[in-house]
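> Okay, handing you the structure first.
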Amino acid sequence: MKEKQVFLTGGTGLIGKETIPFLKENGFDIYALTLGDESDTKDIKYIKANLFDKTEIDNILHQIKPEYLLHFAWLSTGLFNDNSNFDFLTASIDLLKSFVKNGGKRAVMAGTYAEYGYHNETLTETMPAEPINIYSKCKDFVHQISELYCQNNNVSFGWGRIFSAFGKEKDPRRLTSDVINHLLADEEVVIRSGSLIRDYIYAKDIAAAFVKFLDSSVEGTVNICTGKEMSIHDYVMTIAQLMGKENLVRFNEQASPQQQRVVGCSKRLNHEVGYTPKYSIKEALNEVLESYRGNTHE
């Protein structure tokens, strides 16, 4: 089978790093953009470059001429109204234009459920976008312009809206990492919005879903979700139970400005893309906890 060249951004992030084995399984030759000093392996070729350097990116894509683009790179955690979002907006559009100019045929990019805005009903891809902060407004703008640009240049385009992601996380601003780190230190965890409902999906399932999406002919918006709901209370208590530290969790319910219920419709993902998430919450969290116990803390 002839390998298909893919240019991957965000390949060392929470989700991007999990795509590597799935991309290889599906016959992709991977070129991954990085700011670090990762070494090439038999599975992946790392390219050290700055996403915000338009000329540098253009030169790289001119050399590689990848047929596929999988774009995750974006700093989002805790930076929902940060000016960096505007930089990622312009860089994403420039990246796509360079990809198309250099012969690209299929682009898939990562969006967010926050593009939908405040709705308690199950979120479907046909609903209008009503983004709620600078981060989701910038994502929505990239989505609209990228889709239009690809249509105008006969390039296949997909946009995956990611729901409540969790995985082997570093950032203490993310709920999963924060809870686990406190419990490992035998410190009390106080949760103030336990009644909020979310659609939790493991980073490995997100990665597998995106690769399946990339390798398909499905176009437009696809929810990357499970379609199942779980309260933050139950999610945190599942972590605590797996660690045997339920006594350290305290709930102090307070009003929250966040959406009360965020659950996606997974029908397009399941039936058109052909992917159904494989991991239960417990199975996924056991893997996450194993990475902490093994001191890998990926």
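Here, each number is a calculation from the coordinates, and none is a lab measurement. Everything quoted here is computed from the prediction, not taken from an experiment. Using ideal geometry, Cβ is built from the backbone for each residue, glycine included, and neighbour counts are taken over all protein chains shown.
> So which trypsin sites (Lys or Arg not before Pro) in the range 168-258 pass both tests, a DSSP loop state and at most 12 other Cβ atoms within 10 Å of the Cβ? All intermediate terms of the calculation are to be shown ahead of the outcome.
Values: sites: K168, K170, R173, R174, R192, R198, K204, K212, K228, K245, R250; in loops: K168, K170, R173, R174, R192, K228, K245.
Here the sparse-neighbourhood loop sites are K170, R173.
> Additional query: Can you list which of the DSSP-assigned H helices in the chain have a Cα extent of 24 Å or more along the long axis and an average Kyte-Doolittle score of at least 0.0?
84-101
> Name the residue, out of L196, L95, L148, whose mean-square fluctuation peaks in a Gaussian network model built on the chain with Cα pairs under 10 Å.
Sorting by GNM fluctuation, first place goes to L148.
> Identify the trypsin sites (Lys or Arg not before Pro) of the range 1-51 meeting these criteria: DSSP loop state and at most 16 other C-beta atoms within 10 Å of the C-beta.
K2, K42
> Arrange H71, H119, H182 by Cβ neighbour counts within 10 Å, fewest through most, would you?
Working: H71 24, H119 15, H182 18.
In increasing order of surrounding Cβ atoms, one gets H119, H182, H71.
> Which Rg and Dmax, in Å, describe the Cα atoms of the range 18-175?
16.1, 47
> Taking the alpha-carbon centroid of each part, what is the distance from the range 149-191 to the range 28-51 in angstrom?
Going from one Cα centre to the other spans 22 Å.
> What shape does the chain have by the C-alpha gyration tensor, where a ≥ b ≥ c are the square roots of the eigenvalues, rounded means a/c under 1.5, and otherwise prolate means a/b greater than b/c and oblate the rest?
On the way: a/c = 1.80, a/b = 1.48, b/c = 1.21.
Taking the square roots of the gyration eigenvalues as a ≥ b ≥ c, the chain is prolate.
> Using amide H atoms built in the peptide plane, which far-off residues or other-chain residues are under 5 Å from I47 H to H?
Distant-sequence amide H within range of I47: A32, L33, T34.
> Okay, next question. Taking the Cβ of F157 as the center, what net charge do the other residues with Cβ under 10 Å away carry, scoring Lys and Arg +1 and Asp and Glu -1? Write down the numbers at each step before the final one.
Working: positive: R106; negative: E147, E219.
Residues close to F157 contribute a combined charge of -1.
> Still on this structure, I have one more. Please give, to one decimal in nm, the separation of the simple spin-label points placed at A255 and R192, each 7 Å out from Cα toward the Cβ.
1.3
> Report, in deg cm²/dmol and to the nearest 500, the calculated mean residue ellipticity at 222 nm for the chain, where each DSSP H run with n ≥ 4 adds -39500 (n - 2.57) and the sum is divided by the residue count.
-11000 deg cm²/dmol
> Between the range 94-110 and the range 203-263, how many Å separate their Cα centres?
Each part's Cα centre sits 30 Å from the other's.
> Kindly put H233, H143 in sequence by how many other C-beta atoms sit within 10 Å of each C-beta, fewest to most.
In increasing order of surrounding Cβ atoms, one gets H233, H143.
> In addition: How would you rank V6, V100, going from fewest to most other Cβ atoms within 10 Å of each one's own Cβ?
Final ranking by Cβ density, sparse to dense: V100, V6.
> Classify the range 235-298: rounded, prolate or oblate, from the alpha-carbon gyration tensor (a ≥ b ≥ c, eigenvalue square roots; a/c under 1.5 rounded; otherwise prolate if a/b is larger than b/c)?
Because a/c hits 1.5 or more and a/b fails to exceed b/c, the range 235-298 counts as oblate.
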